[in-house]
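In what follows, a structure is listed as structure tokens, so that the remarks can point back to it.
Computed from the coordinates by the stated procedures, all read-outs in this text should not be read as laboratory data. Everything numeric here is computed off the predicted structure, so don't read it as measured data. In this analysis, Cβ positions are derived from the backbone assuming ideal geometry, glycine residues included, and neighbour counts consider all displayed protein chains.
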Amino acid sequence: MPFELPPLPYPHDALEPYIDARTMEIHHGKHHQAYVTNLNKALESFPDIASKTLETILADIPSLPENIRTAVRNNGGGHWNHTFFWKILGPGKGGQPSGQLAEAITKAFGSFSDFQAKFEAVGVSRFGSGWVWLCVHDDKSLCICSTPNQDNPLMKGVVECPGTPIMGVDVWEHAYYLLYQNRRPDYLKAIWNVISWDIVEANYLQAVKS
Ligand code: MN
């Protein structure tokens, strides 16, 4: 099987009380696992595609054979998005970014709290299921955008706002429903407590370097 579920980089209960252990067990062990299983299934008869990196596959969804295009978009997106999400979260994190990322956020959004308010608003207004992202565009500017379902900004030719994601938050109900029920705004406020700014900052530096 070319793609595998990566282990969570911390125990299931590490993000308590902001994200509960049961949600993490189901989210990682069932939802993320299902994206991996279904991605592998879709690519079973396409070893040439399956041997590429997931980033390469997602960057050119329109070139995929039509009969697997939607399955790879949804499940490949789901696998990439969740792998990325687990890494930008962590226990004992939160606070504020520093260095060049902090400067770029202030320049783009006015202040860190203005950035937080806009990020939350974009996440809250995503109708149905999807993601909210902090991205770097080709001109190295920062932008907050949202994608439906398991789309992400790497999917050039598919999404409205292509770019390099440096932070992303899952706003599917499966990410928060057990603890927050319908209160997505409360989940988005709480998640700042577990954002790993050192990782997001490393993602930013990588994105502006390339
Ligand atoms: Mn999810």
Of the trypsin sites (Lys or Arg not before Pro) in region 104-181, those whose Cβ has at most 14 other Cβ within 10 Å and which sit in DSSP loop: Lys140, Lys156
Candidate aspartates and glutamates - alpha carbon under 16 Å from Lys93, same-chain residues fewer than 8 apart omitted: Asp13, Glu16, Asp20, Asp198, Glu201
Cα-based Rg and Dmax for region 24-132, where Dmax is the largest Cα-Cα distance (Å): 17.5, 50
Take Ile144, Ile166 and order them by how many other Cβ atoms sit within 10 Å, fewest up front. Ile144, Ile166
Please flag any cysteine in the chain that has no other cysteine's Cβ under 4.7 angstrom from its own Cβ. Cys135, Cys143
For the chain, size of Cβ-based charge dipole, Lys and Arg +1, Asp and Glu -1, in debye: 160 debye
How high is the relative contact order of the chain? Use alpha-carbon pairs under 8 Å, at least six apart in sequence, and give a whole percent. 24 percent
Honestly the chain on the Cα gyration tensor test (a ≥ b ≥ c root eigenvalues; a/c under 1.5 rounded, otherwise a/b vs b/c for prolate or oblate) is just oblate
Ranked by Cβ crowding within 10 angstrom, fewest neighbours first, how are Trp192, Trp131, Trp197 ordered? Trp192, Trp197, Trp131
Which parts of region 172-188 would a label at Glu16 reach, counting a residue when its backbone N lies under 16 Å from a point 7 Å out along Cα-to-Cβ? 178-180
Among Arg184, Arg69, rank each residue by its count of other Cβ atoms within 10 Å, from fewest to most, as a rough exposure measure. Arg69, Arg184
Under 16 Å from Lys118, Cα to Cα: lysines that are on another chain or at least 8 residues apart: Lys107, Lys189
